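Peer 1: My questions will all concern the structure given below.
What follows draws every value from the coordinates through simple rules; no lab data is involved. Keep in mind the model is a prediction, meaning the values are calculated, not measured. Glycine also receives a Cβ, built like all others from the backbone with ideal geometry; neighbour counts cover every protein chain displayed.
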Amino acid sequence: MIYRRLDSNGEYSFGRNSQDFISETDAVAQAVQTRLNLLKGEWWEDADDGLPLFQNILGSSGSNQNIRVIDNIIKKRINETAGVLSIDSFVSSYNSEIRAYNYQATITTIYSTTTTISGVI
């Protein structure tokens, strides 16, 4: 698996020849991150693909049941990413004061290595 590297702003990087590409575990990790950043209805080619942020996540309370639903949505997006074999650990938390959901997942890739993915919604 080879992907074009994204810069710190999430844009494709150009001008550094082969250094503009990543492979193996790094490519899988970037694929997971981009799948989690794609919002449902945002991609013109498949409006049904994407994280249902506005449809199922935002506006829900921080109850344990809602957090479990969000956990399952995030895990499903991770598991459906090409190159991911399994989620080895998954931890999430919700800060009700600032209304922020945090997650961290450790995944095993087809390259027999693990990597950690994290984010805030």
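Peer 1: Can you give me the long-range amide H partners of L85? Hydrogens built in the peptide plane at 1.01 Å from N, cutoff under 5 Å, separation of 5 or more residues or another chain.
Peer 2: Here T108, T109, I110 satisfy the definition.
Peer 1: Rounded, prolate or oblate: which fits the range 32-79, taking a ≥ b ≥ c as square roots of the Cα gyration tensor eigenvalues, rounded meaning a/c under 1.5, else prolate when a/b beats b/c? Working shown, then result.
Peer 2: On the way: a/c = 2.88, a/b = 1.63, b/c = 1.77.
Oblate, since a/c reaches 1.5 and b/c is not below a/b.
Peer 1: Let me ask you something else. Please give the charge dipole size of the range 12-121, origin at the Cα centre, charges +1 on K and R Cβ atoms and -1 on D and E Cβ atoms. Round to the nearest 20 debye.
Peer 2: On the way: 8 positive and 12 negative charges, 65 e Å.
Dipole of the range 12-121, to the nearest 20 debye: 320 debye.
Peer 1: Express the relative contact order of the range 1-101 as a whole percentage, based on alpha carbon pairs under 8 Å and six or more residues apart in sequence.
Peer 2: 20 percent
Peer 1: Now a separate question. Could you work out how far helix 24-37 tilts from the main Cα principal axis of the chain, as a 0 to 90 degree angle to the nearest 10?
Peer 2: 40 degrees
Peer 1: While we're looking at this one, here's another question. Here are several values of Rg/Rh (Cα atoms, Kirkwood Rh): [x] 1.05; [y] 0.99; [z] 0.94. Which one was derived from the coordinates shown?
Peer 2: After the calculation, the listed value that fits is [y].
Peer 1: Apply the Karplus curve 6.51 cos²θ - 1.76 cosθ + 1.60, θ = phi - 60°, to the phi angles in the range 8-14 and return the couplings in whole Hz, x for Gly and Pro.
Peer 2: Going residue by residue, I get 5, 9, x, 9, 4, 9, 9 Hz, with x marking Gly and Pro.
Peer 1: Using θ = phi - 60° and the Karplus form 6.51 cos²θ - 1.76 cosθ + 1.60, what ³J(HN,Hα) does each residue of the range 102-111 get, whole Hz, x for Gly and Pro?
Peer 2: With the stated coefficients, the range 102-111 comes to 10, 9, 8, 10, 10, 10, 9, 9, 5, 8 Hz.
Peer 1: Another question, then. Quick check on the chain: helices-only [θ] at 222 nm, where DSSP H runs of length 4 and up contribute -39,500 (n - 2.57) each and the sum goes over total residues. Nearest 500, please.
Peer 2: Here the helix-only value at 222 nm equals -8000 deg cm²/dmol.
Peer 1: Could I ask something else about it? Please arrange V84, V28 by how many other C-beta atoms lie within 10 Å of their C-beta, fewest to most.
Peer 2: Details: V84 22, V28 26.
Sorted ascending by nearby Cβ count, the order is V84, V28.
Peer 1: Helix 64-79 sits at what angle to the longest principal axis of the chain, using alpha carbons and giving 0 to 90 degrees rounded to 10?
Peer 2: For 64-79 against the chain, the angle is about 20 degrees.
Peer 1: Report the one residue of F90, I121, W44 whose Cα lies farthest in the direction of the positive end of the charge dipole of the range 36-121 (charges on C-beta: Lys and Arg +1, Asp and Glu -1; origin at the Cα centre).
Peer 2: The Cα lying farthest towards the positive end belongs to F90.
Peer 1: Quick one: check the C-alpha center-to-center distance for the range 99-121 versus the range 36-50, whole angstrom.
Peer 2: Answer, in whole Å: 20.
Peer 1: By the gyration tensor of its Cα atoms, with a ≥ b ≥ c the square roots of the eigenvalues, what is the shape of the range 55-121: rounded for a/c under 1.5, prolate for a/b over b/c, or oblate?
Peer 2: Values: a/c = 2.88, a/b = 2.09, b/c = 1.38.
Judged from the Cα gyration tensor, the range 55-121 comes out prolate (a/c at least 1.5, a/b above b/c).
Peer 1: Oh, and also: Picking from I57, I110, V32, whose Cα lies most toward the positive end of the charge dipole for the range 2-120 (charges on Cβ: Lys, Arg +1; Asp, Glu -1)?
Peer 2: Among I57, I110, V32, the one farthest towards the positive end of the dipole of the range 2-120 is I57.
Peer 1: Sequence-distant or interchain residues sharing an amide H contact under 5 Å with L38, placed H: which?
Peer 2: Excluding prolines and chain starts, which carry no amide H, the hits are L51.
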